[in-house]
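J.: Shown below is the structure under consideration.
The values are calculated or read from the model by the stated rules, or taken from the named source; none is laboratory data. The model shown is predicted, which means the values in this text are computed figures rather than measured ones. Here the Cβ positions follow ideal geometry from the backbone for every residue, glycine too, while neighbour counts run over all protein chains shown. Please note that ligands, DNA and RNA were not included when accessible areas were found on the heavy atoms of the full protein model with its side chains. Shrake-Rupley method; radii C 1.70, N 1.55, O 1.52, S 1.80 Å.
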Amino acid sequence: MLTDTIKDKAIFVSDAHVNENRAEFLTLLNDINSGKIATPQLFLMGDIFDFLVGHGEYCQNFYAQYIELINEISQKIQVYFIEGNHDFRVSKIFPNAKVYEISKQPVSFNIANKTLQIAHGDIFLPLVSKYALLFLRLIWFLKLMNFIDKMINFKISKWILNRLKYKKLDYKIKNFKDYIAPKLKHYDADIVIEGHYHQGKILNIKEKLYVNLPCFAFEQSYFIVECYENEIKFVKINQKGH
């Protein structure tokens, strides 16, 4: 099985949680699309939108401007979309991107003679949680919910998006290194990158380099990878100061 290679200056962004009150991600997309920010690869690491469903009419119209931009970008550079717990079956929305559902995560890559695996972060869960999340991604279920939603003037989608506007996104997990360490036994790579936890930390844990991406919705920050002959760096970039 061929494994893709992560290139120098690749961008990793997670948890933008785009909603009507969080539009900063649009600036980043416009800057990448225009070439103001140059990158060969864009990794969208899940929960980019507060609620996006591949079979959901309302949310696709709600995010139409973002979807169009990502599709434009994916015709110019490589775009990887790693689905999170707010993104459901989006491959049909982004036909030119490489989309990985949670059942296909972690995804393996090569980088400067090292192995790297990426996932949104909501994997390796207890069985009940794991299969509940997989059920929510069944195509027949999503189509049924869209049909019901449409019949009631999209009240379900509107309620979900309105409720998520007020979700607390700025939090710190106490003793995060100890919290995440047991999970790393499930990964088989030199480097692991996740979003989901909103911590924005780089940690050395049990001979692995662990990168947890910042919450873009809160910080407007992302990581860029810099590859040198014998070194790999993950540099945190703040959009406001770019």
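J.: Kindly state which helices (runs of 4 or more DSSP H) lie completely within the range 108-173 and contain at least 3 residues that are open to solvent by 40 Å² or more (accessible area, probe 1.4 Å) and modelled with pLDDT of 90 or more.
T.: Qualifying helices (runs of 4 or more DSSP H): 139-151, 155-164.
J.: Moving to a separate point now. Could you tell me which residue of the range 9-24 is modelled with the highest pLDDT, considering only residues that are part of a loop (DSSP other than H, G, I, E, B) and open to solvent by 10 Å² or more (accessible area, probe 1.4 Å)?
T.: By that ranking, first place goes to Lys9.
J.: How many residues does the range 199-237 hold that are open to solvent by 60 Å² or more (accessible area, probe 1.4 Å), outside any loop (DSSP other than H, G, I, E, B) and not basic (Lys, Arg)?
T.: Counting residues in the range 199-237 that are open to solvent by 60 Å² or more (accessible area, probe 1.4 Å), outside any loop (DSSP other than H, G, I, E, B) and not basic (Lys, Arg) gives 3.
J.: Please go through the range 33-55 and give me each residue that is open to solvent by 10 Å² or more (accessible area, probe 1.4 Å), touching a helix residue (DSSP H, G or I) at 6+ places or on another chain (Cβ under 6 Å) and part of a loop (DSSP other than H, G, I, E, B), ordered by number.
T.: Hits for the range 33-55 are Ile37, Phe51, His55.
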